[in-house]
Amino acid sequence: MVARAEDIKILEKIIDIAKRELNPVEYARFLALITPKRGDTVKELRELRDKETCEEIVERLKKKGGVITP
């Protein structure tokens, strides 16, 4: 589905409202809810976990710019 310019403006308004009204955890959950899903992410994460250590996964995330907090 291709979004039209007016549809994109509506989505931008919704995102601005969500940023303002939701706390960080709620905002992250909101983004997860509206993000298109592909495949079986739980299965993919389990497979990754079986191949790499937690330290290797954390290092990969850091290289991609992820911020890891305890």
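Charges only on Cβ, +1 for Lys and Arg, -1 for Asp and Glu: so what's the dipole of the chain about the Cα centre, in debye to the nearest 20?
Once rounded to the nearest 20, the dipole reads 120 debye.
Note down the net charge around R29, summing +1 for each Lys or Arg and -1 for each Asp or Glu among other residues with Cβ under 15 Å from its Cβ. Each step should come with its number before you reach the end.
Details: positive: K19, K37; negative: E21, E26.
Neighbour charge sum, excluding R29 itself: 0.
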Inset, instruction - Select from L31, C54, T41 the residue farthest towards the positive end of the dipole of region 4-70; place +1 on Cβ of Lys and Arg, -1 on Cβ of Asp and Glu, and compute about the Cα centre. - result: L31
Inset, instruction - Identify all lysines with a Cα-Cα distance to K63 below 30 Å; exclude those on the same chain that are fewer than 8 residues away in sequence. - result: K19, K37, K43, K51
Legend entry - Stretch gain in nm, segment L31-D16, where the contour uses 0.36 nm per residue and the Cα spacing is subtracted: 4.2 nm
Legend entry - Directionally averaged projected area (convex hull, Cα atoms, the chain), nm²: 6.9 nm²
Legend entry - Virtual spin-label span in nm between K51 and D7, 7 Å along Cα→Cβ: 3.4 nm
Legend entry - Sum of -39500 (n - 2.57) over DSSP H runs of 4+, divided by residues of the chain (222 nm, nearest 500): -22000 deg cm²/dmol
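A short reminder: the numbers here are calculations on the coordinates, not readings from a lab. This one's a predicted model, so the numbers in the text were calculated from it and none came from an experiment. Every residue, glycine as well, gets a Cβ built from its backbone with ideal geometry; the counts of neighbours run over all protein chains shown.
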